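Below: the structure, in structure tokens.
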Amino acid sequence: MGRIAGTLREKLSVAFAPEELEVEDDSARHAGHAGATPGGESHFNIRIRSAAFAGQSRVTRQRMVYRVLAEELAGPVHALSLTALAPDEAR
């Protein structure tokens, strides 16, 4: 796991105490696209399941995560695909 992926994982773990957290560096699939960097760690897929998302809309969940990752989204992370679920949700 790269430095940025580790930072994403750590910040999300602290903020949401997730029961499930997957952080996937998807940068290789985006080589040559806008925002892609030669070293990778610019495009990520995140799947997070946490009680913190219970009763929250999809947009509110995204905003919660984006707030926690604001520094990375303003810098090294160009794109983020996010699935944020409550414990009782499937997908």
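The values are calculated or read from the model by the stated rules, or taken from the named source; none is laboratory data. The structure displayed is predicted, hence computed values, not measured ones. Quick reminder, even Gly has a Cβ in these numbers, built from the backbone with ideal geometry, and neighbours come from all protein chains shown.
Could you tell me which residue of segment 20-42 is modelled with the lowest pLDDT, considering only residues that are within 17 Å of Glu71 (Cβ to Cβ) and surrounded by 17 or more Cβ atoms within 10 Å (Cβ to Cβ)? Ranking the qualifying residues of segment 20-42, first place goes to Glu41. When the residues of segment 2-19 are filtered to those that are among the β-branched types (Val, Ile, Thr) and under 12 Å from the mean Cα position of the chain (by Cα), the one that is surrounded by the fewest Cβ atoms within 10 Å (Cβ to Cβ) is Thr7.
Entry remark, segment 65-91: residues being part of a helix (DSSP H, G or I) and either among the acidic types (Asp, Glu) or without any contact (Cβ under 8 Å) to a residue 40 or more places away in the chain (or both) number 6 in total. Among the residues making up segment 43-82, those that are surrounded by fewer than 17 Cβ atoms within 10 Å (Cβ to Cβ) and β-branched (Val, Ile, Thr) are Val59, Thr60, Val68. Residue count for segment 42-59 under the criterion of being closer than 27 Å to Arg3 by Cα and not in a strand (DSSP E or B): the result is 5. Annotation for segment 7-16: no member residue is acidic (Asp, Glu) and modelled with pLDDT under 95.
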